[in-house]
Amino acid sequence: MSMIIHCQERFDKVMAFAIDNGCVLKFAERLDYLAQYGGDNAGKNVCHLHADFAPNSFEFLMMREDGSRWFNGGLIYSGPGQPLDGSAPAFTVSLDRDQSKHSWSVHT
């Protein structure tokens, strides 16, 4: 699968944030997960990455090789100041995250 970034300025800011906070590996691991999603068909599909309203987060759209939509979701940041308990600014819930550490999770 390939990834097309439709929000390069936002992506660059989040990458700088991840570098500054020592969590670039966590961010890269989630990006790799999305880029490789689909197993044997991974090279035939495309992940489109767009800015999300939540800080340091993205929305994504998975497209099939033929251009049809496959599914969409979010690459959601959590960490200090942004817990995933349903509150602002992310308005997203996660049961598995240590919200005191910087992390990104994939939500569909």
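Out of the residues in region 46-102 meeting the condition of being in contact with a strand residue (DSSP E or B) (Cβ under 8 Å, 6 or more places away or on another chain) and of a type in the set (Ser, Thr, Tyr), tell me which one is surrounded by the fewest Cβ atoms within 10 Å (Cβ to Cβ).
Ser100
Restricted to region 74-108, and to residues that are on the phi > 0 side of the Ramachandran plot and among the small types (Gly, Ala, Ser), which residue is modelled with the highest pLDDT?
The initial filter retains those residues of region 74-108 that are on the phi > 0 side of the Ramachandran plot, namely 79, 81, 86, 91.
Imposing the further condition that a residue be among the small types (Gly, Ala, Ser) reduces the set to 79, 81, 86.
Numbers: Gly79: 87, Gly81: 77, Gly86: 79.
Restricting to residues being on the phi > 0 side of the Ramachandran plot and among the small types (Gly, Ala, Ser), the top hit is Gly79.
Can you confirm whether Val14 is at pLDDT 95 or above, of a type in the set (A, V, I, L, M) and open to solvent by 40 Å² or more (accessible area, probe 1.4 Å)?
Against the criterion (at pLDDT 95 or above, of a type in the set (A, V, I, L, M) and open to solvent by 40 Å² or more (accessible area, probe 1.4 Å)), Val14 does not qualify.
Only one of (1) aliphatic (A, V, I, L, M); (2) more than 15 Å from the chain's Cα centre (by Cα); (3) under 18 Å from Met3 (Cβ atoms) is not met by Leu61, so which one is it?
Tallying (1) aliphatic (A, V, I, L, M); (2) more than 15 Å from the chain's Cα centre (by Cα); (3) under 18 Å from Met3 (Cβ atoms), Leu61 fails exactly one: (2).
Show the residue pairs meeting these rules: Cβ distance below 6 Å; 6+ apart or different chains; first residue within region 1-23 and in contact (Cβ under 8 Å) with a residue 60 or more places away in the chain and farther than 29 Å from Glu65 by Cβ; second residue among the aliphatic types (A, V, I, L, M) and assigned to a helix (DSSP H, G or I).
From region 1-23, the pairs are Ala18/Val24.
The values are calculated or read from the model by the stated rules, or taken from the named source; none is laboratory data. Treat the numbers as computed from the prediction; the structure is a model and nothing was measured. Neighbour counts run over all protein chains shown; Cβ positions are idealised from the backbone, glycine included. The protein model used for the area step is the full one, side chains on, heavy atoms only, and it has no ligands, DNA or RNA in it. Shrake-Rupley method; radii C 1.70, N 1.55, O 1.52, S 1.80 Å.
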